[in-house]
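Undergrad: I have a structure here, written as structure tokens, and I will follow up with some questions on it.
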Amino acid sequence: MLEGAKLIGAGAATIALAGAAAGIGNALSSSIHPVARNPSLAKQLSGHAILGFALTEAIALSASMMAFLISSVFRWSWEKME
């Protein structure tokens, strides 16, 4: 029972990775379209694109950390109980 809850929790934590991937794609495509229309904006928009990429990647890294934390804590507590 506890093993199943661990797998469900870790799987739910990794769902955020799909949202992060969509966010990264959205941030980068939102910076490419204005640069394609007006190339002189490339330098101004690159900082905003990098910031959007970094914030979205931070969410993905925290979701990955949470999934690993859930699986390792439940594994450790399960082995300790036996």
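The numbers here are math on the coordinates, done by the rules we state, and not lab data. Keep in mind it's a predicted model, so treat the numbers as computed, not measured. Here the Cβ positions follow ideal geometry from the backbone for every residue, glycine too, while neighbour counts run over all protein chains shown.
Undergrad: Run a plain Debye calculation on the chain (Cα atoms as equal point scatterers, no solvent) and give log10 I(q)/I(0) at q = 0.22 Å⁻¹, rounded to two decimals, same order as the q list.
TA: Results for the chain at q = 0.22 Å⁻¹ read -0.92.
Undergrad: Multiply the residue separation of F68 and A36 by 0.36 nm, subtract the distance between their alpha-carbon atoms, and state the gained length in nm to one decimal.
TA: Numbers: separation 32, 0.36 × 32 = 11.52 nm, distance 4.01 nm.
Full extension from F68 to A36 adds 7.5 nm.
Undergrad: Expressed as an acute angle from 0 to 90° and rounded to the nearest 10, what is the orientation of the C-alpha long axis of helix 2-37 relative to the principal long axis of the chain?
TA: With both axes taken from Cα atoms, the answer is about 0 degrees.
Undergrad: Ok, one more. Could you work out [θ]222 nm for the chain from helices alone, using -39500 (n - 2.57) per DSSP H run of at least four and dividing by all its residues? Round to the nearest 500 deg cm²/dmol. Before the final figure, lay out each step's value.
TA: Numbers: 2 runs with 76 residues, N = 82.
The per-residue figure over the chain is -34000 deg cm²/dmol.
Undergrad: Note the full-extension length gain between L28 and L55 as 0.36 nm times their separation in residues minus their Cα-Cα distance, in nm to one decimal. All intermediate terms of the calculation are to be shown ahead of the outcome.
TA: Numbers: separation 27, 0.36 × 27 = 9.72 nm, distance 1.25 nm.
So the extension gain works out to 8.5 nm.
Undergrad: Using the Cα centre of the chain as the reference point, and only Cβ charges (+1 on K/R, -1 on D/E), how large is the resulting charge dipole? Debye, rounded to the nearest 20. Please report the intermediate quantities before stating the final value.
TA: Details: 5 positive and 4 negative charges, 65 e Å.
It comes to approximately 320 debye.
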